[in-house]
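Here the structure comes first, spelled out in structure tokens, and everything after it is commentary.
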Amino acid sequence: MPNYGYYLPLSEKLFDSVRFISIEPKTEGLGSDAPQKQDKDGTPVWTLTALVKYQGGSSETENFTIPAGKKLYDQIAEISELAPIRLVGLSGGKWSRSDTDRTNWSFQITGVVAV
């Protein structure tokens, strides 16, 4: 997980609602043989996908990067699809590709709580 130093804490109230979709390994590269990313401490990194509704906006899917050991991963993986969740330790950063002036958000979390 690249940490560019510009990830800032975000309010839990950024989203009117958050619903769990899935959690999958975040890989380094493409293909089924690509290794799973690890953070600087060697913890596996995952991508949590959720259906979010921005304040006053429409619902859309969003990805959140989360480092998690087996115990936390197992707890998150047991959450039912589309169950409401609360994101813990939400932070975000903006980035853009070199070939465009479009800015994108990248999100990180430290945990998930079923609500």
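The values are calculated or read from the model by the stated rules, or taken from the named source; none is laboratory data. Owing to the predicted nature of the structure, the values given are computational and were not obtained by experimental measurement. Virtual Cβ from ideal backbone geometry, glycine too; neighbours counted across all protein chains shown. Surface accessibility is based on the protein's heavy atoms, side chains included, excluding ligands, DNA and RNA. Shrake-Rupley method; radii C 1.70, N 1.55, O 1.52, S 1.80 Å.
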- Message: What are the pairs with Cβ atoms under 6 angstrom where one residue, in region 94-111, is under 13 Å from THR65 (Cβ atoms) and open to solvent by less than 60 Å² (accessible area, probe 1.4 Å) and the other, located anywhere, is of a type outside the set (Lys, Arg) and assigned to a loop (DSSP other than H, G, I, E, B)? Sequence gap at least six, or different chains.
- Response: GLN108/TYR7; ILE109/GLY89; ILE109/LEU90
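For every residue, the table says whether it meets (1) of a type in the set (Gly, Ala, Ser); (2) part of a strand (DSSP E or B).
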| site | (1), (2) |
| --- | --- |
| ILE21 | no, yes |
| TRP46 | no, yes |
| ALA50 | yes, yes |
| THR65 | no, yes |
| LYS71 | no, no |
| ILE76 | no, no |
| LEU82 | no, no |
- If you take the residues in region 12-37 that are free of Cβ contacts under 8 Å to residues at least 12 places away in the same chain and not acidic (Asp, Glu), which one is most open to solvent (accessible area, probe 1.4 Å)? LEU30
